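A.B. asks: Please find one structure pasted underneath; my questions will follow.
What follows draws every value from the coordinates through simple rules; no lab data is involved. Predicted, not measured: the structure shown is a model, and the values here were computed from it. So basically every Cβ, Gly included, is an ideal-geometry build from the backbone, and we count neighbours across all protein chains shown.
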Amino acid sequence: MLSVVKVQGVSMAPRLKEGDYVVINRFYPRIKVGHLVVVDHATYQHMIKRVQKINSNGSLWLTGENENSVRPEAMGWVPEARILGKVIFCIRAKPE
Amino acid sequence: MIHGLFKSIDKALHFKTVKAHCDIPCKIYDPSTAQLAALSCVRLMDLIKEIEDKGELGVVDYAQVARLVSEKESASTEVKEAVRIIWGDYFKAPQFDQLPHAHELTHNIMLQASKCKQSITREEGEKLVELVNEFAAAFWLTKGVEVYTAACPYPPALDVVYPDLKA
């Protein structure tokens, strides 16, 4: 099932910017390192991040795209159950 | 054009927002959140014990125990998250140099908070409060703030490490 979500914040710049939209697939076949995912984090709620590592139990180690992002150590391993979807398409806002 | 279309649809359907989460960073860190959550664990364990000691329990008691256990679960999780945020966002190389035992202490708090989820034994809660107090003392050391210990003025009336901001 596909969903559209709006990006808020700058920690995924320049890849994603405030105001961009992304289409996520809730029934993703397989997450790989480098994929962008939307998760429901226990502390930070709904986030969009890049997958940096994948644990053997399926949990994800996530990272932002720049130094403004919350650190991976602060996010911790994110369980597979908290993945809301994999980003399959980005609709970028017009540059100002 | 496509973005404009999505923007129009967004106005009508209100797409969910996801945070490309940004640590401002605001630099507001305080271990008191973790300390209050740890004290809550002990208090909730005490309240569960009060119901257990009643002997014959009715449905009302079972309902209350369910609520207390749920809150204890939340409080234990809150201890973990509050400590992890300080360890993950605030502690950096200079702090780790000053606190060589920080990783072990943080991990011990995670383990003890898990025990508090699994147990209703007050001793486990007291151990959690001790560890979180140790973490708080370490945190204030990195800030150059003196600390003192005093019994908190509400149940469970356990000793808590407080920053001495008047010093």
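A.B. asks: Considering only residues that are under 14 Å from B:A75 (Cβ atoms) and either among the hydroxyl-bearing types (S, T, Y) or not in a helix (DSSP H, G or I) (or both), which ones fall in the stretch B:99-116?
C.D. replies: If the condition is that a residue be under 14 Å from B:A75 (Cβ atoms) and either among the hydroxyl-bearing types (S, T, Y) or not in a helix (DSSP H, G or I) (or both), then B:S114 is the only one that fits.
A.B. asks: With the requirement that a residue be on the phi < 0 side of the Ramachandran plot and among the small types (G, A, S), what does the stretch A:23-80 give you?
C.D. replies: Of the stretch A:23-80, the ones on the phi < 0 side of the Ramachandran plot are A:23-33, A:35-44, A:46-57, A:59-75, A:77-80.
Hits for the stretch A:23-80 are A:A42, A:S56, A:S59, A:G64, A:S69, A:A74.
Residues checked against (1) farther than 26 Å from B:E81 by Cβ; (2) in a loop (DSSP other than H, G, I, E, B); (3) out of contact with any Ser or Thr (no Cβ under 6 Å at 6 or more places or on another chain):
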site	(1), (2), (3)
A:R15	yes, yes, yes
A:I24	no, no, no
A:P29	yes, yes, yes
A:D40	no, no, yes
A:M47	no, no, yes
A:K53	no, no, yes
A:S56	no, yes, yes
A:L62	no, no, yes
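A.B. asks: A further question follows. Do you know which of the residues in the stretch A:66-96 that are at the interface with chain B (Cβ under 8 Å from one of its Cβ atoms) and charged (D, E, K, R) is nearest to the chain's Cα centre (by Cα)?
C.D. replies: Looking at the filtered set, the residue picked out is A:R71.
A.B. asks: Pick from the stretch B:117-167 the residues that are in a helix (DSSP H, G or I) and of a type in the set (S, T, N, Q): which of them is surrounded by the most Cβ atoms within 10 Å (Cβ to Cβ)?
C.D. replies: The qualifying residue surrounded by the most Cβ atoms within 10 Å (Cβ to Cβ) is B:N133.
A.B. asks: Moving on to the next point. Tell me whether the stretch A:17-38 contains one or more residues that are of a type in the set (F, W, Y), farther than 24 Å from B:H3 by Cα and within 14 Å of chain B (Cβ to nearest Cβ).
C.D. replies: no
A.B. asks: Taking the condition of being more than 9 Å from every other protein chain (Cβ to nearest Cβ), over 14 Å from the mean Cα position of the chain (by Cα) and assigned to a helix (DSSP H, G or I), how many residues in the stretch B:68-93 meet it?
C.D. replies: Final tally of qualifying residues: 5.
A.B. asks: I'd like to verify a number: residues in the stretch A:40-54 that are more than 9 Å from every other protein chain (Cβ to nearest Cβ) and among the hydrophobic types (A, V, I, L, M, F, W, C), how many?
C.D. replies: Residues in the stretch A:40-54 being more than 9 Å from every other protein chain (Cβ to nearest Cβ) and among the hydrophobic types (A, V, I, L, M, F, W, C): 2 in total.
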